[in-house]
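Asks: Take a look at the following structure, please.
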Amino acid sequence: MNVPALSQFRRIVFFTGAGLSAESGIPTYRGAGGLWNAYNYEDYACQRAFDSDPDKVWDFHDVRRAFVASKEPNLAHHIIADIQKQFSETVVITQNIDGMHQRALTADVVELHGSLWRVRCEPERQVRENFDLPIARKCACGAYLRPDIVWFEDQLDHRVVRRAREALEECDLLVSVGTSAVVYPAADLPRIAAKGGAVTIEVNLEDTPMSPLYMHRLRGKASEILTQLTASYT
Ligand code: NAD
């Protein structure tokens, strides 16, 4: 593999997407077996759907939570956590909402699209972790809790985006793993690292619209490519 050894870098950013969790058995967004081939997002994953029928939206999210809870982080999640142990300035920015990075013991994950494992009480402006299966859908104040997920048509949390941008501005290596790079504004963020002069690596099964941005385009399953990539630091 003709890429520089990880030990040459001090500030590594992993930018991850649904493809990273595919080997855990969690379907990606698009393509064969993709989640939104089976469900219409307008019925389950947008604020309008929640406002008109919160229980229907919660039924869907309860199923997703139980499904994800039944799966395990895969080798690629563990390799990334291990790299962060070796190189303490490593930052993980993910579009995933499944909490798998944290379960693999990665610290301080920047979750651009929120988490299946947090809920918001909008009237109280409170966000809390919640791992209950099934979940009590109402807050003690009586209001429906809302999954703390960036649904279709929602804005990203500007504080989370700022953290991501800062990490990308400061990194000297960016490794993007398993993202189709079509969901904006997240898809655009890796440009920041490229513009700042970082070495850039894309790990995916196939080319994406962002592939031309990357110096190294490594094709294959995340676990296999990351295994090869880390052979250099031990
Ligand atoms: P996506 O589904 O659009 O694309 C997945 C990408 O991963 C594709 O480019 C595919 O070629 C690649 N891929 C599939 N299997 C792979 C493997 N084993 N190794 C390497 N690459 C592989 O995913 P995305 O770009 O993250 O889309 C963004 C949205 O998907 C986010 O908003 C996210 O919230 C949502 N999503 C998250 C999850 C999750 O949390 N696990 C699951 C489905 C969708």
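Asks: Relative contact order for segment 126-193: what is it in percent, counting Cα pairs under 8 Å that are at least 6 residues apart?
Replies: On the way: 27 pairs, mean separation 16.3, N = 68.
Relative contact order, segment 126-193: 24 percent.
Asks: How big is the Rg/Rh ratio for segment 102-234, C-alpha atoms only, Rh by Kirkwood, two decimals?
Replies: Numbers: Rg = 17.8 Å, Rh = 17.1 Å.
Ratio of gyration radius to Kirkwood radius for segment 102-234: 1.04.
Asks: Take every DSSP beta bridge with both residues inside segment 1-128 and express the antiparallel ones as a percent of the total, to the nearest 5. Each step should come with its number before you reach the end.
Replies: On the way: 3 of 9 bridges.
If I count the DSSP bridges inside segment 1-128, around 35 percent turn out antiparallel.
Asks: Another question about this same structure. Cα convex hull of the chain: mean projected area in nm², to one decimal? Kindly include the intermediate steps, with their values, before the conclusion.
Replies: Details: hull surface 49.0 nm².
Over all viewing directions, the chain projects a mean Cα-hull area of 12.2 nm².
Asks: If the chain between A5 and D188 were fully stretched, how many nm would it gain, using 0.36 nm times the residue separation less the Cα-Cα distance?
Replies: Details: separation 183, 0.36 × 183 = 65.88 nm, distance 2.58 nm.
Computed gain between A5 and D188 is 63.3 nm.
Asks: To continue, here is another question. Modelling each spin label as a point 7 Å along the Cα-to-Cβ direction, I'd like the R48/K71 distance in nm, to one decimal.
Replies: With each label point 7 Å from Cα toward Cβ, the separation is 2.8 nm.
Asks: Something else about it: Report, in deg cm²/dmol and to the nearest 500, the calculated mean residue ellipticity at 222 nm for the chain, where each DSSP H run with n ≥ 4 adds -39500 (n - 2.57) and the sum is divided by the residue count.
Replies: Working: 10 runs with 79 residues, N = 234.
So the calculated ellipticity at 222 nm is -9000 deg cm²/dmol.
Asks: Hey, another quick one. State, as an integer percentage, the relative contact order of segment 1-138 based on alpha-carbon contacts under 8 Å between residues 6 or more apart. Walk me through the numbers before you get to the answer.
Replies: Details: 165 pairs, mean separation 34.3, N = 138.
Result for segment 1-138 is 25 percent.
Asks: Moving on to the next point. May I ask for the net charge around E111, where only other residues with Cβ less than 11 Å from the Cβ of E111 are counted and Lys, Arg are +1 while Asp, Glu are -1?
Replies: Values: positive: R118, R163; negative: D98, D108, D148, D157.
For residues surrounding E111, the net value is -2.
Asks: I want to make sure I understand the PRE zone here: with the label point 7 angstrom from the Cα of D108 toward its beta carbon, which residues in segment 1-31 have backbone N atoms less than 14 Å away?
Replies: Once the point is set 7 Å along Cα→Cβ of D108, 11-14 turn out to lie under 14 Å by backbone N, inside segment 1-31.
Asks: For K56 and D172, what does the FRET efficiency come to when R0 = 41 Å and r is the distance between their Cβ atoms, rounded to the nearest 0.05?
Replies: Numbers: r = 46 Å, r/R0 = 1.13.
The formula returns an efficiency of 0.30 here.
Asks: Using the Karplus equation 6.51 cos²θ - 1.76 cosθ + 1.60 (θ = phi - 60°), what ³J(HN,Hα) coupling, rounded to whole Hz, does each residue of segment 11-25 give in order, writing x for Gly and Pro?
Replies: Residue by residue, segment 11-25 yields 10, 9, 10, 9, 10, 10, x, 4, x, 5, 8, 4, 6, 8, x Hz.
Asks: Counting alpha carbon pairs within less than 8 Å and at least 6 residues apart, what relative contact order, in whole percent, applies to the chain? Spell out each step's value before the answer.
Replies: Numbers: 406 pairs, mean separation 58.0, N = 234.
Relative contact order comes out at 25 percent.
Asks: Continuing with the same structure: Among the DSSP beta bridges whose two residues both lie in the chain, what percent are antiparallel, rounded to the nearest 5? Please report the intermediate quantities before stating the final value.
Replies: Numbers: 8 of 29 bridges.
The answer is about 30 percent antiparallel.
Asks: With viscosity set to 1.002 mPa s and temperature to 20 °C, compute the Stokes-Einstein D of segment 1-133, Rh being the Kirkwood radius across alpha carbon pairs; µm²/s, no decimals.
Replies: Values: Rh = 16.5 Å.
In µm²/s, the coefficient is 130.
Asks: Could you check the simple spin-label distance between R125 and A140, using points 7 Å along Cα→Cβ, in nm with one decimal?
Replies: Here the modelled spin labels are 2.0 nm apart.
Asks: Under 20 Å from the Cα of K71, which lysines turn up, not counting those fewer than eight places away in the same chain?
Replies: K221
Asks: Give a quick list of GluC sites (Glu not before Pro) in segment 147-207 that DSSP marks as loop, anything other than H, G, I, E or B, with at most 11 other Cβ atoms within 10 Å.
Replies: Numbers: sites: E153, E166, E169, E170, E202, E206; in loops: E153, E206.
In loop regions of segment 147-207 (DSSP not H, G, I, E or B), the sparsely surrounded GluC sites (Glu not before Pro) are E153, E206.
Asks: In addition: Given the peptides 8-19, 190-201, 128-139, arrange them by the average over their residues of other C-beta atoms within 10 Å, most packed first.
Replies: Values: 8-19: 22.8, 190-201: 18.3, 128-139: 13.1.
Answer by packing, highest mean first, reads 8-19, 190-201, 128-139.
Asks: Magnitude of the Cβ-charge dipole of segment 64-126, K/R +1 and D/E -1, about the Cα centre, nearest 20 debye? Mind dumping the intermediate values first?
Replies: Values: 8 positive and 8 negative charges, 52 e Å.
Dipole of segment 64-126, to the nearest 20 debye: 240 debye.
Asks: Here is a further query. Compute the FRET efficiency between L205 and Y39 as 1/(1 + (r/R0)^6), taking r as their Cβ-Cβ distance and R0 = 22 Å, and round to the nearest 0.05. Intermediate results must be reported in sequence, preceding the final value.
Replies: On the way: r = 23 Å, r/R0 = 1.05.
For R0 = 22 Å, the calculated efficiency reads 0.45.
Asks: Now for a separate question. With +1 assigned to the C-beta of every Lys and Arg and -1 to the C-beta of every Asp and Glu, and no other charges, what is the dipole magnitude of segment 119-192 about the Cα centre in debye, to the nearest 20? Walk me through the intermediate numbers first.
Replies: Numbers: 11 positive and 13 negative charges, 59 e Å.
Value, rounded to 20: 280 debye.
Computed from the coordinates by the stated procedures, all read-outs in this text should not be read as laboratory data. This one's a predicted model, so the numbers in the text were calculated from it and none came from an experiment. Here Cβ is always computed from backbone atoms with ideal geometry, including for glycine, and neighbour counts include all displayed protein chains.
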